[in-house]
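Contents: one structure, followed by commentary.
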Amino acid sequence: MAEEANHGTTATIDPGPDQVIGPHHDFETVTEKISGVVFMPLRKTPLQLFAAFAFAFALVNVFLVAVTWLLIRGVGIWGIRIPIAWGFAIVNFVWWIGIGHAGTLISAILLLLKQDWRTSINRFAEAMTLFAVACAGMFPILHLGRPWLAYWLIPYPNTMYLWPQPRSPLIWDVFAVSTYASVSFLFWFTGLIPDLATMRDEAKSGRIRRLFGVLAMGWRGSAKHWARYQKAYLLLAGLSTPLVVSVHSVVSFDFSISIVPGWHTTIFPPYFVAGAIYSGFAMVLTLAIPVRRWYHLEDLITMRHIECMSKVMLGTGLIVAYGYAMEAFMAWYSGNPYERFMYWNRAWGGHYWWTFLLLILCNILIPQALWSRRVRLNINAVFVIALIVNAGMWLERFVIVITSLERDFMPSAWNNYYPTGWDWATYFGTIGVFLSLMFLFVRGLPAISMFEMREVVHSMEPTHAHGD
Amino acid sequence: MLTETRVASQIELYGLMASFRQPEPLLAAARRAHSEGYRHLDAYTPMPVEGLADAIGFRSNAVSRFVFCAGLTGAAGGFGLMYWISVIAYPHIVAGRPLNSWPAYIPITFECMVLLACFTAVIGMLAMNGLPQPYHPVFNVDSFERASRDRFFLCIEASDPAFDPVRTRRFLEQLDPEEVMEVAP
């Protein structure tokens, strides 16, 4: 009950685009406010959260049905057909894994760059990474046809005397994605440890106290522990920074190492990494804007966070636009008839020309509105643009995967790809999985890092603002 | 008489703890305590405080060395595994490339380095901190639950050669703390 009262008394005032935290916060109020979201009685949970969770959970059930049918009938229920063997599974894989990258970028790279607006969104973004990578990982496994044999991808001594092929980018992917998932989990959990200790000490009921106590592992905030903790955290950030670049580079190698027209280009790694961050920031915004409103966290996730994320989105979007331009230029400049035909077919002549048009509209034209400060400070506009970018980045992967595979070298091998209802069901199903996990996370664990917010509060205090 | 009580209380005590409302007084107190000759002391804070570990005389931070060695091991292991697979266990010529086509092994080598280094960073940090630890005496102090919220604690442990229940308490009280408490073992 005490939290409730406090939750009510702490006014949620968005301090505007210059402040990372609202006024009148001290160590106690940030703790109350962030842990209050978790300790809120179930019936006090915002109705919107219940509605959103119900929607997401319905999609989870769609996903379960789609996967069950897939296991019964095989990948033939999808629209894949030779030569378009990749289809939605790989489109969605690349999309999800790209979304995850913003979480690592926010928590690792912005930590190294000492960005003050990182703090109240990093935990949230890390959780997003974790769940996005979980969704991403399901697609290549389901796409195997016999997913229960997925462990064959791992090198282990076996009675068949067979080993995976380490020259293949698909095996690099196995290592890159599994490492990325593990490291993202470590990063997220390490960041949570001191906050789990806070939750343990704040919990009123014995069972919840024990649960958080076990998870906090006896953390007591000793100065010696903090010293090792900070060192380990910094090293994790330092290691995750090249990791995140390597993961999406390896994903792009899946394409660029092959000789398929439209895939075989050196621009792919940097352009994929920028695209990943672009879509990831869009997803952070898509989730943070409603959550901050439902839980009245406007004084912790302020317009400064929203504006900074919009700027990163604009910047990475421009890199992506450069990537598109380079693809077009190289198709022409290479003088290769297959490359030239591919580009003409992708943008103009093929039956999916309209996806390319939509892609340019969603990823390049509409986000240019973010140049205007008025748009960046308009929360609804930013939300809509973030949704559009999410869709645009999905279209980008669709265009790359589908239009290239449909028309490769020999016209006799060409074919058209049409996604089936099961393709859509699996895709929307993973969105449901992702959102359900996100909403459960926001409800069950501190979604904003409390100990780092205390540091922010302390550095904001007027007596400490200068000097130390 | 006096020596008897002193011995008895030393057996019963884990240490003496002072609480502060802000990190700066704690930092100053920790520096004072260290310069007074106390060595078995620790500070407990709800957030990292810069310079605090230094102030209580904690220098050996071995995390980075462990992580460096783990990174090298991971890289060597990753490359070794790829070499062993493609040159020794399953030599198989693909597209006329040499068996040891090392540039193709670099992504996996890198991932293995990161994986092992990150696990070592976290597990090593927890192990050196002695976590998970189901019991610690500092939790016997009632107000210690605020150490994860808004209070800053300095604890001088009874195992310190310079520890004396009376003199140490007087010393802590001089530091202008909010409260000085006894920590049951």
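The values are calculated or read from the model by the stated rules, or taken from the named source; none is laboratory data. Fair warning: this is a prediction, and the values are worked out from it, not measured in the lab. Please note: Cβ atoms are built from the backbone with ideal geometry, for glycine as well, and neighbour counts cover all protein chains shown. Side chains included, ligands, DNA and RNA excluded: accessible areas come from the protein's heavy atoms. Shrake-Rupley method; radii C 1.70, N 1.55, O 1.52, S 1.80 Å.
Worth pointing out:
- Each label was represented as a point 7 Å from its Cα along the Cα-to-Cβ direction; for A:Ala54 and A:Ala85 these points are 4.5 nm apart.
- Where A meets B: accessible area buried, both sides, 1.4 Å probe, Å²: 5500 Å²
- Charge sum, other residues only, whose C-beta stays under 15 Å from A:Leu314's C-beta, Lys/Arg counted +1 and Asp/Glu -1: +3
- Reciprocal of mean inverse Cα separation for the range B:63-128 (Kirkwood radius, Å): 12.7 Å
- A:Met410-B:Ser64 FRET efficiency (beta carbon distance; Förster radius 41 Å; 0.05 resolution): 0.15
- Mean per-residue shielding of peptide A:186-192 is 2, counting Cβ atoms of other chains within 10 Å of each Cβ.
- Sparsely packed chymotrypsin sites (Phe, Trp or Tyr not before Pro) within the range A:27-132, loop by DSSP, other Cβ within 10 Å at most 12: none
- Stokes-Einstein D (µm²/s) once Rh is taken as the Kirkwood radius of chain A over alpha-carbon pairs, at 20 °C in 1.002 mPa s: 91 µm²/s
- Sulfur and carbon atoms: percent of accessible area, chain B [1.4 Å]: 60 percent
- Helix A:450-460 vs. chain A, principal-axis angle (Cα, 0 to 90°, nearest 10): 70 degrees
- The fraction of accessible area contributed by carbon and sulfur in the range A:1-150 is 66 percent, rounded to a whole number (1.4 Å probe; ligands and nucleic acids excluded).
- Taking every protein chain into account, the 1.4 Å probe leaves A:Thr286 with about 20 Å² of accessible area, to the nearest ten.
- For B:Glu179, the residues whose amide H sits under 5 Å from its own are B:Ser19, ignoring neighbours fewer than 5 places away on the same chain, with H placed 1.01 Å from N.
- Using the 1.4 Å probe convention, the accessible area of the range A:47-441 works out to 38 Å² per residue with neighbouring protein chains retained.
- Heavy atoms of the protein chains alone define the surface here; on that basis the range B:63-128 has 50 Å² accessible area per residue at 1.4 Å probe size.
- Per residue of peptide B:59-71, the mean number of Cβ atoms on other chains within 10 Å of the residue Cβ is 3.
- Of the DSSP H helices in chain B, those whose Cα atoms cover at least 27 Å axially and whose Kyte score averages 0.0 or more: B:63-83, B:106-128
- Sparse packing (at most 15 other Cβ atoms within 10 Å of the Cβ) combined with a DSSP loop state is found for the following chymotrypsin sites (Phe, Trp or Tyr not before Pro) in the range A:135-185: A:Tyr161.
- Trypsin sites (Lys or Arg not before Pro) restricted to the range A:58-126 and DSSP loop, no more than 15 other C-beta within 10 Å: A:Lys114
- Farthest towards the positive end of the charge dipole of chain B, among the residues B:Ala55, B:Pro91, B:Gly37, is the Cα of B:Pro91, using unit charges on the Cβ of Lys, Arg, Asp and Glu.
- Extending 7 Å from the Cα toward the beta-carbon at both A:Leu170 and A:Met460 defines two label points whose distance is 5.2 nm.
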